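Below: the structure, in structure tokens.
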Amino acid sequence: MFDFDVEILHNNELVPVNLSNHLKNKTVLMCPAINNMAYPTLDYYKYIDSLLDLYKIDEILLINPTDDLFFHMHISSHFPRLVTVTDRQQNYIRELKQHKKMQESHEELVKKWAFQLLFINGVEKGFWQQPLSNQWHYFLRKKETIKSILQKKSEYNTPRAEIAKVLKNLHETQKKSNIYDLVCFNWLKVNTGGLTILKDLGPLIYYFNLFNNKELEAKLVLQKNNRHKYQV
């Protein structure tokens, strides 16, 4: 799997490497790089960056399927430990689409598909993703996430009642203004309650399957313990 070349930033230069070979003898978390400038995404990256300390992952790869070279500088300025990767030919998404039997178009997956792919010693050990449709349906099933949103103290001192009101309104009008669509996302930026959602609660809403991912962390704990056992 992934027997093709990508470019990895190393010492400020893009170096071609075979992705399959690069994954050998390591614990690696692979994530697509999408919406890199957005508040929710930066908070989400902060979370996955913390996994390096908590579970001793060898690498976290952020894979960008475009020619955007600024992406490498942007990520390294915020999260220098995350390994940035360019896949100009988009082989990564193309192969994963086939492997996971995704029905969406290649173009939609490149723009919107957020997921976590865990490889241990070159073997896939876990895969988690955000839904690409019916997001509200899946979000509302996350009872603990919703509880956290409604009880969490806002960094910007926005009343919880206001946050609940904004979310309720967005849910009721989702066919006209889906919070997960770009148009609505841009509207939230200029709305007081919406800006709080993006800055303060963003990853809980936009990455509800990936942020604080307990299933992923359980696998990383197991791998960390196995490593320790063999080192003793």
Exercise. Would a scan of region 152-168 turn up a residue that is in contact with a Leu (Cβ under 7 Å, 6 or more places away or on another chain), under 27 Å from LEU29 (Cα atoms) and of a type outside the set (A, V, I, L, M, F, W, C)?
Worked result: no
Problem set entry | Single condition LEU51 does not satisfy, out of (1) over 23 Å from PHE208 (Cα atoms); (2) within 15 Å of the chain's Cα centre (by Cα) | (1)
Seminar exercise, completed: Turns out the strands (runs of 3 or more DSSP E) fully within region 1-58 with at least 2 residues that are buried (at least 16 other Cβ atoms within 10 Å of the Cβ) and in contact (Cβ under 8 Å) with a residue 24 or more places away in the chain are 5-10, 27-32
Problem set entry | Residue tally, condition touching a residue at least 12 places away in the same chain (Cβ under 8 Å) and either of a type in the set (Ser, Thr, Tyr) or surrounded by fewer than 14 Cβ atoms within 10 Å (Cβ to Cβ) (or both), over region 119-134 | 1
Problem set entry | Cβ-Cβ under 8 Å pairs, at least 6 apart or on other chains, region 197-220 side outside any helix (DSSP H, G or I), far side surrounded by fewer than 19 Cβ atoms within 10 Å (Cβ to Cβ) and aromatic (Phe, Trp, Tyr) | PHE208/TYR138; ASN209/TRP128; ASN209/TYR138; LEU210/PHE115; LEU210/TRP128; PHE211/TYR47; ASN212/TYR47; ASN213/TRP128
Exercise. TRP128 is checked against (1) modelled with pLDDT under 95; (2) closer than 30 Å to PHE70 by Cβ; (3) hydrophobic (A, V, I, L, M, F, W, C) and fails just one. What number does that condition carry?
Worked result: (1)
Exercise. Hey, any hits in region 99-112 for a residue that's over 21 Å from LYS199 (Cα atoms) and touching an Asp or Glu at 6+ places or on another chain (Cβ under 8 Å)?
Worked result: no
Seminar exercise, completed: Being farther than 28 Å from ASP200 by Cα and out of contact with any Pro (no Cβ under 8 Å at 6 or more places or on another chain) narrows HIS10, HIS74 down to just HIS10
Exercise. Limited to region 84-101, what total is found for residues that are in contact (Cβ under 8 Å) with a residue 24 or more places away in the chain, in contact with a helix residue (DSSP H, G or I) (Cβ under 9 Å, 6 or more places away or on another chain) and more than 16 Å from THR41 (Cα to Cα)?
Worked result: 7
For this session: Would you check if PHE185 is in contact with a helix residue (DSSP H, G or I) (Cβ under 7 Å, 6 or more places away or on another chain), surrounded by 13 or more Cβ atoms within 10 Å (Cβ to Cβ) and either part of a helix (DSSP H, G or I) or at pLDDT 70 or above (or both)?
Result: no
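The values are calculated or read from the model by the stated rules, or taken from the named source; none is laboratory data. From a predicted model like this one, the values you see are computed outputs, not experimental measurements. Here Cβ is always computed from backbone atoms with ideal geometry, including for glycine, and neighbour counts include all displayed protein chains.
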